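Novice: My questions will all concern the structure given below.
Values quoted throughout were computed directly from the atomic coordinates according to the rules given, and no laboratory measurement underlies them. Keep in mind that this is a model prediction, so the values were computed, not measured. In this analysis, Cβ positions are derived from the backbone assuming ideal geometry, glycine residues included, and neighbour counts consider all displayed protein chains.
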Amino acid sequence: MDTVLEIIKITVPALIVFLTVYVLMKYHYMKVYTLEKMKLKSDNANSTMPLRLHAYERLALFCERISPENMILRFRKEATSGKDLEQLLILAVKQEYDHNLTQQIYISESLWSIIDMCKSQVIELLVRAGKAPNSDDADVFSEIVLNALDESNPVRTTLKAIRKEVEIYFN
C-alpha cells in the first residue's frame, strides 16, 4: 500500500506538469499557426492587388472601347452602309470581349456577370438599330444608336459597377 501511495505522489504532480506543458504548447503552436496564416494572406493580398487593379483598369478600358459612341467615331469612315457599320461594331465588341476574357479571374463573379451583360446589351442595341427603318444609311444607323443610348447606356452602368467594386479595396 505504501508503494502505491508513493507512485501516486510521483505520478499526480508529473501528470499535472505534463498537462500544463501540453496545453501551453498547444496554445503556443495555434498562435504561431494563426500568425503565419495571417502573414501568408497579407503577402498574397499584396502580390495580387496590382493584378486585380490592372484587371479593373483593363475592364474599364474594355467598356470605353465597346461604348457605341466611341466605336462609331472609330469605325464610321470604314463602313459604307448602315449594315456594314453594324457588322463592324458587333465584330469589334466581340473581339474586345474575347481579348479581355482572362480578366474574369481577378474580379468578382457578379461583376463579371455585369460585364457580360453589358456586352450582350450593346450587341442587342446594335442589332435593334440595324433593324430600324432607314438604317441602311450609316449616318442614320449612327443616329439611331446614339438616340438609343440616351434612353439607357449599359456601358455607363457597368463602369459604375467597376468603380464600386474597386472602392472596396480602398475603404
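Novice: For the range 90-137, which residues satisfy the criterion of being exposed (fewer than 12 other Cβ atoms within 10 Å of the Cβ) and farther than 28 Å from R76 by Cβ?
Specialist: Within the range 90-137, T102, I105, E109, S110 qualify.
So that you can scan it fast, the table gives a plain yes or no per residue for (1) surrounded by 12 or more Cβ atoms within 10 Å (Cβ to Cβ); (2) touching a residue at least 60 places away in the same chain (Cβ under 8 Å); (3) of a type in the set (D, E); (4) within 30 Å of H99 (Cβ to Cβ):
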| position | (1), (2), (3), (4) |
| --- | --- |
| M1 | no, no, no, no |
| L5 | no, no, no, no |
| S67 | yes, yes, no, yes |
| N70 | yes, no, no, yes |
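This table checks each residue for (1) over 30 Å from D137 (Cα atoms); (2) touching a strand residue (DSSP E or B) at 6+ places or on another chain (Cβ under 6 Å); (3) β-branched (V, I, T).
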| position | (1), (2), (3) |
| --- | --- |
| I10 | yes, no, yes |
| F18 | yes, no, no |
| Y33 | yes, no, no |
| L51 | yes, no, no |
| L61 | no, no, no |
| L73 | no, no, no |
| R76 | no, no, no |
| K83 | no, no, no |
| L88 | no, no, no |
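Novice: Another question, if that's okay. So T157 fits all but one of (1) among the β-branched types (V, I, T); (2) closer than 30 Å to L53 by Cβ; (3) surrounded by 16 or more Cβ atoms within 10 Å (Cβ to Cβ); what number is the exception?
Specialist: So T157 meets the others, but not (3).
Novice: Inspect the range 42-61 for any residue being touching a residue at least 24 places away in the same chain (Cβ under 8 Å), closer than 30 Å to R128 by Cβ and among the hydrophobic types (A, V, I, L, M, F, W, C) and give the result as yes or no.
Specialist: Among the residues of the range 42-61, at least one is touching a residue at least 24 places away in the same chain (Cβ under 8 Å), closer than 30 Å to R128 by Cβ and among the hydrophobic types (A, V, I, L, M, F, W, C), which makes the answer yes.
Novice: Given the condition in a helix (DSSP H, G or I), farther than 29 Å from A161 by Cβ and of a type outside the set (A, V, I, L, M), answer yes or no: does some residue in the range 59-77 qualify?
Specialist: yes
Novice: Across the range 73-89, which residue is nearest to T48 (Cα to Cα) among those that are in contact with a Leu (Cβ under 7 Å, 6 or more places away or on another chain) and buried (at least 19 other Cβ atoms within 10 Å of the Cβ)?
Specialist: Result: L89.
Novice: Moving to a separate point now. How many of the residues in the range 78-109 are touching a Phe, Trp or Tyr at 6+ places or on another chain (Cβ under 7 Å), in contact (Cβ under 8 Å) with a residue 12 or more places away in the chain and of a type in the set (S, T, N, Q)?
Specialist: Residues in the range 78-109 being touching a Phe, Trp or Tyr at 6+ places or on another chain (Cβ under 7 Å), in contact (Cβ under 8 Å) with a residue 12 or more places away in the chain and of a type in the set (S, T, N, Q): 1 in total.
Novice: Take the conditions of a type in the set (A, V, I, L, M, F, W, C) and in contact with a Pro (Cβ under 8 Å, 6 or more places away or on another chain) and apply them to C63. Does it pass?
Specialist: Against the criterion (of a type in the set (A, V, I, L, M, F, W, C) and in contact with a Pro (Cβ under 8 Å, 6 or more places away or on another chain)), C63 does not qualify.
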